[in-house]
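First the structure, in the form of structure tokens, and then the observations on it.
The values are calculated or read from the model by the stated rules, or taken from the named source; none is laboratory data. Everything numeric in this text was worked out from a predicted model, so none of it was measured. Positions of Cβ are generated from backbone atoms using ideal geometry, with glycine treated the same way; all protein chains shown enter the neighbour counts.
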Amino acid sequence: MKIGPSAGKTKSLAYFIGTYLGDGWMGYVKSNGAWLFRLNTIDLEFAEAARESIKDLTGNTGNICTHPVSKSSKPNNSLGIGIKDLFWVKEACDNKQKIPDIIWDMDDESKLEFIAGVMDSEGYVSIHKRGVGSSSIGIKATEGWILDFYRFCQQFGLKIGKIGKETIKSGKTAYRYSFNRHSWMEKNCYFKIIRKQEKIGILRDYMLNCSKPEQMI
């Protein structure tokens with residue numbers, strides 16, 4: 001069964017696809033005899049949001065296992081959930097090389113959910129020590145979809161800086177770019193990860209009280 005816009009659940013589908021392109025994994029697990037989606041994150045609400053999107057689409061409920069990590073002060077939250085009815089998404093994304101056609105044609109609310117899924121995975125909000133005014137909203141990733149995402153966000157109306165790239169330890173090329181902060185606020189973009197959205201709140205408050213808003217980019 002292929003779940004699409006006709007199912008009336010485009011927002012859940014959009015968030016799920018965004019999450020898959022970022023930190024999500026899909027594959028057939030022989031030991032379980034099942035097609036599974038997996039997500040590992042330090043942010044419990046991220047795992048919960050991903051689980052709810054899949055539950056809304058398939059009715060499946062998965063388990064989130066929380067356990068300590070030796071090299072981190074924060075525990076890891078691992079989601080595992082059956083996604084047989086959604087496995088077509090992996091092919092539609094060409095194994096994380098592109099944004100599938102179905103996303104480009106969605107309504108704006110669903111596109112915002114897609115952006116949230118991607119940014120919850122790979123996006124960041126940096127509040128710099130030298131001052132909130134020097135803060136940034138950006139993204140960094142290595143998979144092919146990151147260039148598609150640049151074009152997608154531009155088409156959505158977001159203003160974005162130049163694409164930078166670097167070779168990381170794995171030998172892969174990582175692409176990075178930042179979003180214009182006024183543009184992000186005006187288009188009502190958001191994160192579902194609390195710690196990231198709280199930084200957006202700090203940045204929004206600063207921008208509202210900035211004496212020279214034209215200097216805020």
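Condition check for residue 165 on (1) under 24 Å from residue 42 (Cα atoms); (2) assigned to a strand (DSSP E or B): one failure, at (1). Count of region 103-125 residues, restricted to those that are more than 11 Å from the chain's Cα centre (by Cα) and crowded, with 18+ Cβ neighbours inside 10 Å, is 5. Within region 86-97, residues that are over 19 Å from residue 10 (Cβ atoms) sit with their Cβ atoms under 8 Å from residues that are not in a loop (DSSP other than H, G, I, E, B), at 6+ positions apart or across chains, in these pairs: 96/20; 96/21; 96/145; 97/145. Applying the condition of being exposed (fewer than 11 other Cβ atoms within 10 Å of the Cβ) and among the charged types (D, E, K, R) to region 28-76 and asking which residue is farthest from the chain's Cα centre (by Cα) yields 30.
Under 30 Å from residue 33 (Cβ atoms) and either out of contact with any Asp or Glu (no Cβ under 7 Å at 6 or more places or on another chain) or surrounded by fewer than 19 Cβ atoms within 10 Å (Cβ to Cβ) (or both) - does that describe any residue in region 133-154?
Taking every residue of region 133-154 in turn, at least one turns out to be under 30 Å from residue 33 (Cβ atoms) and either out of contact with any Asp or Glu (no Cβ under 7 Å at 6 or more places or on another chain) or surrounded by fewer than 19 Cβ atoms within 10 Å (Cβ to Cβ) (or both).
Of the strands (runs of 3 or more DSSP E) lying entirely inside region 50-147, those carrying at least 3 residues that are at pLDDT 90 or above and either among the hydrophobic types (A, V, I, L, M, F, W, C) or farther than 27 Å from residue 203 by Cβ (or both) are 63-67, 76-82, 136-141.
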